[in-house]
Amino acid sequence: MFEHVEDKAAATRLAEGAPLHRALDVADPAAWLALDAEVREVAWYRPPFLPEWEHLAPLPADLTQLEESRLALALCHRDGRIRQEALGLSARYPGLLPLVVIRCADWAAPVREHARQLLRGALSVDCAPGLAPLILRVGRRDRGAYGVEVLGEILRRASRTQLAVLFADPDRGVRRFAYRLAIEGRLLGPAELARAASTDHDSVVQDLCATAALTALAVGDACEGVLPLLLSARNPRTRSAGVTALRRAGRPQQAEPFLGDRSALVRACARYVVRRHGGDPAAWYRERCTALDDPELPPGAVIGLAECGNRADAGLLRPLLVHPAVGVRARAVTGLRELDCADAQQLRPLLDDFAAAVVRETATALLPSAKELPADWLWERTSSQRPRHVRVGAFRLLDARGGIVALRTAVGLLDDPDIKLRTWAAQSVQRWCPAPDEPRGNAEVGELLDRSRHLFSDHVLRRRKREAGVDS
């Protein structure tokens, strides 16, 4: 088991004779790449300016007697001739194969070609899965594509069971590579691909597997094992693929419930399927949003109405501003903003909502109308006695007003107990500039800038005062 020693680099531990598995984590590709860099890292503070490990135990002229640990150092040595000679001896120690992989992208052509010959001879179906993470990382380097090509050739001969090890690898690049090979070799059926698309957390794998599942899908009974998996997936990309497939499967009626999905992508795909079969998504949304007392009203139906409706539909959204469900209230605010029907006086009470999502959407909707709101009323809501989300919303609106109001607010929050609000206030002061419609020479501006002088250099502070027409 790898035992980490904080005060010694892996190269130093190897120079002292520690076995590989104790000097570094041999299962971690990053550890091998770090070792390769460490071996050549020069200790500039210690003449004759050699890597630290060479001060302790320099390599002998004859490398044939080196044990595994010291040969690992030779494989990473700054001298290409030493690396070349070490490659010829590395076959004695299979544990050094990861360093051979790294040398396949070596900048010295003789070393690189020798390493590639060794890798092609040593890489097998059994050991390839363990080396795949490192090979793919090295493959991103200049001259690193060769190892990836060899890995692909080897894994194309692997069985489904051998390849399945890589499907669960924590490295998303490895999973992408493995699924591409499995899809190319048709090793996975539509249901297995759909399950992978619905469970994997990587968006590329989701797209790969969902697309392959639908491509391999035959209309008929096979749909029963694939579409439910895609439609019930947590990630929206996979759900959207399943919804789109409903059209080809001749099941457009099953797309209607997805018109109110929480994802905009899924809602758009559902609208496409419904329209292609003569349906009217806008009418569906209007019917749902008319039921004001429906506790099951999906928030997606509210925002969906704004996405495909018109300004006249704002009349259906306004009553939903007082709906008991937080998501519905928040989406109603968003919908009014998207329809350009956000009325400042009507939305103003929602700045005191107990739900952070509602206040966040309300503040965003009110930003264009920030100057219409009373500054004193907003300032009261920045008090430390208010809920944090209310304070943040009020600060955003005061900051959007610009001019002395924004400066006064930000300086007043520089000592706030909330570290994030304090940081945002400091950033607001630093980017502040006088409003073009305010008179220059306001003495209060000079006082406020002086109170925040710790945020500026002397030069910048003088420039800000000069811009505001305030004497230094």
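What follows draws every value from the coordinates through simple rules; no lab data is involved. Predicted model, so just to flag it, every value in this text is computed and none were measured. Please note: Cβ atoms are built from the backbone with ideal geometry, for glycine as well, and neighbour counts cover all protein chains shown.
Checking each residue in region 174-202 for being assigned to a loop (DSSP other than H, G, I, E, B) and either in contact with a strand residue (DSSP E or B) (Cβ under 7 Å, 6 or more places away or on another chain) or farther than 14 Å from Asn235 by Cβ (or both) picks out Gly185, Arg186, Leu187, Leu188, Gly189. The number of residues in region 66-81 that are closer than 13 Å to Pro94 by Cα and either aromatic (Phe, Trp, Tyr) or in a helix (DSSP H, G or I) (or both) comes to 4.
Cys289 satisfies every condition listed in (1) assigned to a helix (DSSP H, G or I); (2) touching a helix residue (DSSP H, G or I) at 6+ places or on another chain (Cβ under 9 Å); (3) surrounded by fewer than 23 Cβ atoms within 10 Å (Cβ to Cβ) except (3).
Assess whether Gly173 counts as being buried (at least 16 other Cβ atoms within 10 Å of the Cβ), on the phi < 0 side of the Ramachandran plot and over 27 Å from the mean Cα position of the chain (by Cα).
Details: buried (at least 16 other Cβ atoms within 10 Å of the Cβ): yes; on the phi < 0 side of the Ramachandran plot: yes; over 27 Å from the mean Cα position of the chain (by Cα): no.
No.
Among the residues of region 251-265, those identified as of a type in the set (Gly, Ala, Ser) and in contact with a Leu (Cβ under 9 Å, 6 or more places away or on another chain) are Ala255, Gly260.
Which members of region 77-107 meet the condition of being aromatic (Phe, Trp, Tyr) and over 21 Å from Arg22 (Cβ atoms)? Working first, answer last.
Going residue by residue through region 77-107, those that are aromatic (Phe, Trp, Tyr) are 93, 107.
Trp107, the sole residue that qualifies.
Among the residues making up region 337-374, those that are in a helix (DSSP H, G or I) and among the acidic types (Asp, Glu) are Glu338, Asp352, Glu361, Glu372.
Kindly evaluate Leu407 against the criterion of being more than 22 Å from Pro439 (Cβ to Cβ), without any contact (Cβ under 8 Å) to a residue 60 or more places away in the chain, touching a helix residue (DSSP H, G or I) at 6+ places or on another chain (Cβ under 8 Å) and crowded, with 21+ Cβ neighbours inside 10 Å.
Numbers: more than 22 Å from Pro439 (Cβ to Cβ): no; without any contact (Cβ under 8 Å) to a residue 60 or more places away in the chain: yes; touching a helix residue (DSSP H, G or I) at 6+ places or on another chain (Cβ under 8 Å): yes; crowded, with 21+ Cβ neighbours inside 10 Å: yes.
No.
Please indicate, with yes or no, whether at least one residue in region 438-445 is assigned to a helix (DSSP H, G or I), without any contact (Cβ under 8 Å) to a residue 12 or more places away in the chain and either among the basic types (Lys, Arg) or surrounded by 12 or more Cβ atoms within 10 Å (Cβ to Cβ) (or both). Taking every residue of region 438-445 in turn, none turns out to be assigned to a helix (DSSP H, G or I), without any contact (Cβ under 8 Å) to a residue 12 or more places away in the chain and either among the basic types (Lys, Arg) or surrounded by 12 or more Cβ atoms within 10 Å (Cβ to Cβ) (or both).
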